[in-house]
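Notes to accompany the following structure.
What follows draws every value from the coordinates through simple rules; no lab data is involved. Since the structure is predicted, the reported quantities are computational estimates derived from the model, not experimental observations. Neighbour counts are summed over all protein chains in view; Cβ atoms, including those assigned to glycine, are modelled from backbone coordinates with ideal geometry.
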Amino acid sequence: MELHNLKPAKGSTHKEKRIGRGEASGKGGTSTKGNKGGQSRAGYKSKMAHEGGQMPIQRRIPKRGFKNAGRIEYKVLNLGQIDALAEKYDIKEITPENLYINGLIAQTDRIKILATGEIKGSFAFKVNGISEKAKAAIEAAGGSVEVVK
């Protein structure tokens, strides 16, 4: 085997399609683009969501509901989850920084504590929102709550 007789493996290379190089190529004439019209010409670009005169889907389907632009999304933690999280990640203080470091929330997420379940340990909470029942349960268990905006 020498450099002058090296060849690629059989089937690994394909013949280039030569479009518009005469009838004998089998792809001459219209160059595989059909007959006349914008689509057969250079520079053709179809409009997004254009359906050829048919009523577009975004106009066929009715509008539903309401999106409140001022809505504030919270990541919800229930009191029943707190003990398990604290034990698993060795957390004494429930803050956005601690939860972010342990990969439980994104850096920009807001946290709200709800009163589903029971809390056994006493923890210091620094959260964006909390229900009244949850606050009472945390303080009854010997914990503290600070609401930060």
Residue under question is GLN39, and the condition is that it be in a helix (DSSP H, G or I), over 25 Å from LYS133 (Cα atoms) and touching a Lys or Arg at 6+ places or on another chain (Cβ under 9 Å); does it hold?
yes
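Can you confirm whether ILE101 is within 30 Å of GLY142 (Cβ to Cβ), among the β-branched types (Val, Ile, Thr) and out of contact with any strand residue (DSSP E or B) (no Cβ under 8 Å at 6 or more places or on another chain)? Talk me through it step by step, then tell me what you get.
Details: within 30 Å of GLY142 (Cβ to Cβ): yes; among the β-branched types (Val, Ile, Thr): yes; out of contact with any strand residue (DSSP E or B) (no Cβ under 8 Å at 6 or more places or on another chain): yes.
In short, yes.
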Cβ contacts < 8 Å: first residue closer than 19 Å to ALA134 by Cα, restricted to the range 68-89; second residue among the small types (Gly, Ala, Ser) and not in a loop (DSSP other than H, G, I, E, B), any location; separation 6+ or different chain. Result?
TYR74/GLY129; LEU79/ALA134; LEU79/ALA137
Among the helices (runs of 4 or more DSSP H) confined wholly to the range 48-149, which include 3 or more residues that are of a type outside the set (Lys, Arg)?
79-89, 96-101, 132-140
Would you point out which residue out of LYS33, LYS15, LYS45, LYS27 is surrounded by 10 or more Cβ atoms within 10 Å (Cβ to Cβ) and under 42 Å from the mean Cα position of the chain (by Cα)?
LYS33
Subset of the range 80-92 that is under 15 Å from ALA141 (Cα atoms) and touching a helix residue (DSSP H, G or I) at 6+ places or on another chain (Cβ under 9 Å) - its residue that is surrounded by the most Cβ atoms within 10 Å (Cβ to Cβ):
ILE82
Taking the criterion of being within 30 Å of THR30 (Cα to Cα), over 24 Å from the mean Cα position of the chain (by Cα) and among the aromatic types (Phe, Trp, Tyr), would at least one residue in the range 125-133 satisfy it?
no
